[in-house]
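The values are calculated or read from the model by the stated rules, or taken from the named source; none is laboratory data. All of these numbers come straight from a predicted model, not from anything done at the bench. Neighbour counts run over all protein chains shown; Cβ positions are idealised from the backbone, glycine included. In case anyone asks, the SASA skips ligands and DNA or RNA and just uses the protein heavy atoms, side chains included. Shrake-Rupley method; radii C 1.70, N 1.55, O 1.52, S 1.80 Å.
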Amino acid sequence: MATMMTSLQSSFTSLSISSNSSFLGQRLLSPISLSAASPVKPTGNPCLVFAKLKRWERKKCKPNSLPILHKMHVKFGDTVKVISGRDKGKIGEVTKIFTHNSTIVIKDVNLKTKHMKSREEGEPGQILKIEAPIHSSNVMLYSKEKEVVSRVGHKVLEDGQKVRYLIKTGELIDTIEKWKQLKEAKDKETSQVAAASAS
């Protein structure tokens, strides 16, 4: 113990700080390394420090710089129930899907207030309610008939068509009639928007 104290004192006395030269930013050797008999060998490969990625940092991309698209258990037109978050318990229909970050937009769920400025002189400003995206892991598929949420399963029908079904109820989600109804509704909506923009 006494030898450690003497080596510590000698190392501090050898370190002289003058008033005009600052030691900030310089590397100081530890007293233990000074007291050691054998010299310290420098390591060839210094240890690299890896920091965790932040939420706002860009995700992994493919070689062509496009983001990697994620597979989701929900599709456009599915009826889902929110299972976590501020809007927990709400039921709605999926209107938009963003596969690059696994988010979806549900009708009348996760409403945000948006303040719009007036574009023309006579036109007043507006306060609008818009549907913000929600992560797909926060929703589960919902059966309207049985009024129950369920996980999704995949199976191949006799005609070779691969469809999704609700595991709890056994009801098919991807049916030809359903997709025809969705397509007709979408066509109606686009025709109404076109007619409104033309007039």
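Less than 5 angstrom separates the built amide H of residue 90 from those of 82, all sequence-distant by 5 or more or on a different chain. Taking a straight Cα-Cα cut-off under 25 Å and skipping sequence neighbours fewer than 8 places away in the same chain, the lysines within cross-link reach of residue 186 are 71, 75, 81, 90, 96, 107, 112, 129, 144, 162, 178. For residue 168, which sequence-distant residues (separation of 5 or more, or a different chain) have an amide H within less than 5 Å of its own amide H, given hydrogens modelled in the peptide plane? Residues meeting the amide H criterion: 151.
When nucleic acids and ligands are ignored and a 1.4 Å probe is applied, residue 186 ends up with an accessible area of around 110 Å².
What the phi angles of region 129-138 give under the Karplus curve with 6.51, -1.76 and 1.60, with θ = phi - 60°, is a coupling list of 9, 10, 8, 8, x, 10, 5, 5, 6, 8 Hz, glycine and proline written as x.
In the context of the full protein assembly, residue 164 retains an accessible surface of approximately 10 Å², using a probe radius of 1.4 Å and ignoring ligands and nucleic acids.
To the nearest 10 square angstrom, what accessible area does residue 4 show with a 1.4 Å probe? Counting only protein heavy atoms, the figure is 100 Å².
Keeping all protein chains in place and using 1.4 angstrom, which order do 104, 68 fall into by accessible surface area, from largest down? Please list the in-between numbers first.
Values: 104 0, 68 70 Å².
The ordering from most to least exposed comes out as 68, 104.
For region 117-199, the Stokes-Einstein estimate of translational diffusion at 4 °C and a viscosity of 1.567 mPa s comes to 76 µm²/s, using the Kirkwood hydrodynamic radius over alpha-carbon pairs. Near residue 168, once Lys and Arg are set to +1 and Asp and Glu to -1 for all other residues with Cβ below 12 Å from its Cβ, the sum equals -1.
Heavy-atom accessible area with a 1.4 Å probe sorts 187, 159, largest first, into 159, 187.
Applied to region 167-172, the Karplus parametrisation 6.51 cos²θ - 1.76 cosθ + 1.60 on θ = phi - 60° returns per-residue 3J(HN,Hα) values of 5, 6, 9, x, 7, 6 Hz, with x for Gly and Pro. For region 78-198, carbon and sulfur atoms together expose 51% of the accessible surface, with a 1.4 angstrom probe and every protein chain in place.
Probing with 1.4 Å while keeping every protein chain in the model, the per residue accessible area of region 78-198 equals 72 Å². When 105, 152 are compared by accessible area of protein heavy atoms, the largest-first order is 152, 105, using a 1.4 Å probe.
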